[in-house]
1. Taking amide H positions as placed 1.01 Å from N in the peptide plane, with prolines and chain starts having none, which residues 5 or more places from A:L11, or on another chain, fall under 5 Å of its amide H?
2. Once the piece of chain linking A:N106 and A:R76 is laid out straight, how much longer is it, given 0.36 nm per residue of separation minus the C-alpha distance between them?
3. Find the percent of Cα-Cα distances in segment A:1-59 that exceed 14 Å, and round it to a whole number.
4. Taking every DSSP beta bridge that has both residues in segment A:1-160, what percent is antiparallel when rounded to the nearest 5?
5. For the protein assembly as shown, report the convex hull volume of the alpha-carbon atoms normalised per residue, in Å³, without decimals.
6. For chain A, just the Cα atoms, rotate onto the principal axes and tell me the three extents in Å, largest first.
7. List the relative contact order of chain B as a percent without decimals, with contacts defined as Cα pairs under 8 Å and 6+ residues apart.
8. Distance cut-off 24 Å, Cα to Cα: go down the list A:K23/B:K256; A:K48/A:K113; A:K235/A:K324 and report the pairs above it.
Amino acid sequence: MAAVPLEVSDLRTTLFTRRGEMKAVDGLSLSVGAGETVALVGESGCGKSLSALSIMRLLPDPPARIVGGAVKLNGRDIVPLSEESMLDIRGKEIGMIFQDPMSALNPVATIEKQIAEVVMAHTGLGRFQARARAHELLEQVGIPDAARRLDAYPHQLSGGMCQRVVIAMAIACSPSVLIADEPTTALDVTVQAQVLTLLKRLQAEAGMAMIFITHDLGVVAETADRVVVMYAGRKVEEAAVDDLFEAPLHPYTAGLIGATPVPGAVRAERLADIPGMVPPLNALPPGCAFAPRCPRAMDRCRTERPALTEPRPGRRVACFAAEKGPT
Amino acid sequence: MTALLTLNNVHVHFNTAAGLVRAVNGVSLDLGAGETLGLVGESGCGKSTLGKAIMRLVPVSTGEIRVEGTDIAQLQGSALTAMRRKVQMIFQDPYGSLNPRSTVGRSVAQPLVLAGWKPEAVAERVDTLLGWVGLPTDAKQRYPHEFSGGQRQRIGIARALALNPRLIVCDEPVSALDVSVRAQVINLLEDLKAEFGVSYLFISHDLSVVEHIADRVAVMYLGTIVEIGSRDRIWRQPQHPYTKALLAAAPIADPKLARTRTRTVLQGELPSPLEPPAGCPFHSRCPIAQARCKTERPVLRATGDSAQAACHFI
């Protein structure tokens, strides 16, 4: 059997700052199969973007450093690899799409140059062939009038078009894993729908494993096969997408779903809000990080940190209350 | 229904180096007392400019903006100041909308001081306002950077409420907030409306939030309103092809519902307001456009249930 495209186990990333060490990613494990989309969900500061950067080995060091765990890409652990070997792997075996397409592109280089650079670095194609490949890629990501766009600069394209260019660069060498970090957050809703459709199509064509990072549960429902919910650097729940929305086990997941209005559903008088806010990483409570905001918190939650349990195969949750019964 | 706010053929044009931009291009609508009107559309459709025009933060080129019957579109000086007590605004960015060097107490007191309140009355009022929006009274002595995004948005709401306005223009008030905090602020806005009968013009690109909070909804495209009607009407029986496309594009936080619906993804992007298409502004992306749409601009027509849409084929 072929190796799982991406298998992360017990990944730990710590920020070393003047105000002390902060565990930004605290023992994250997840695996993504070929053709599968796993959504990584949580609010700002929960560690989802730092998890992605850790997997890509793109952490700003200092202050951030991977202090433990493994990231197996097609069976090979890439955590101990040198930056030189990573240059080879990034863009070839694993691609990434960022939230802000404008700042992900070089403003003073043409679209062609930026795509061709990726192609030439990984394939040994010459400049001329790389231009042809860039043209092909632009057509593949649905950019109209691709031949003319090759010589355009990023500022001449709209946000949606720039995001398509970033996607073209990410898939240029057919990576087996694609990480999309809030790829549609900066886009308008009709353009968001276009980009989501495009990503799904490209993924189906190439059988890529995809990690989709978002805070928007609507986007999760539209794209994901499985969902990992993070809070304060840790995974608090994991489930297939239908199970998660139908019967969330963790009170935080339930809170997020209750706080998201569903159009067309019977209008709730009030949205269920979660009191308080995400605690800063340097001031986490001793027990469960969610306990101060949790409607089901017990004495035990305030002193002891719940471990991740697996009540059913494929379903994981870290909560003492959930062990007793559903929310 | 007595109209609190009436817009009559409002235009806001900007002269730029690249040419004339018709950011708001002939908008007419009514907003009743105690009503929440949602204003939705994509970036660049003119929804924020319209909100600012109602606040008189951008010059109104032509048209009438009536607040409780008085046209305020060209008011100046003290008459304008008096009007501002009735209409207030909450901004999208809770970081940029508060003076970082001013304590929260001073920021919230500012409208009261400008309105000539006595210091003792101001202090008392600030305490009350902070209480209404769920902030501790010791927040007064602190500075904006000590607060989270959600708390800062509460401070902005307290400031907007200071002079008992009749209308609050909410320009993307929850877009910068996290999901759980967003729900807190939406609930707060609804509580305040129930308590004080204030009206909201709720500008947002997030359709699910608008669906939750609005009584009526207006959909904008390239500076014009293409459809307006009650919330249920817009969601259950959208008439205009752009409204239909927007609703189809909005992600639904329910995987089973999301899979069963058919969605037609709208092609292309919003045309530049510098060169708006002739005829119907939407014809360049419209799935049902005909030759007529390229030359003749459709006007808003009644589609039943006091809803209106601007399309030749309804």
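Quick note: the coordinates plus some simple rules give every number you see, no bench work behind them. Since this is a predicted model, take the numbers as computed values, not measurements. Positions of Cβ are backbone-derived with ideal geometry, glycine not excepted, and every protein chain shown enters the neighbour counts.
1. The answer is A:G27, A:L28, A:S29, A:A70.
2. Full-extension gain reported as 7.7 nm.
3. 61
4. Antiparallel bridges: around 95 percent, rounded to the nearest 5.
5. 174
6. Sorted largest first, the three principal extents are 67, 49, 44 Å.
7. 21
8. The pairs that break the limit, which is 24 Å between Cα atoms, are A:K23/B:K256; A:K48/A:K113.
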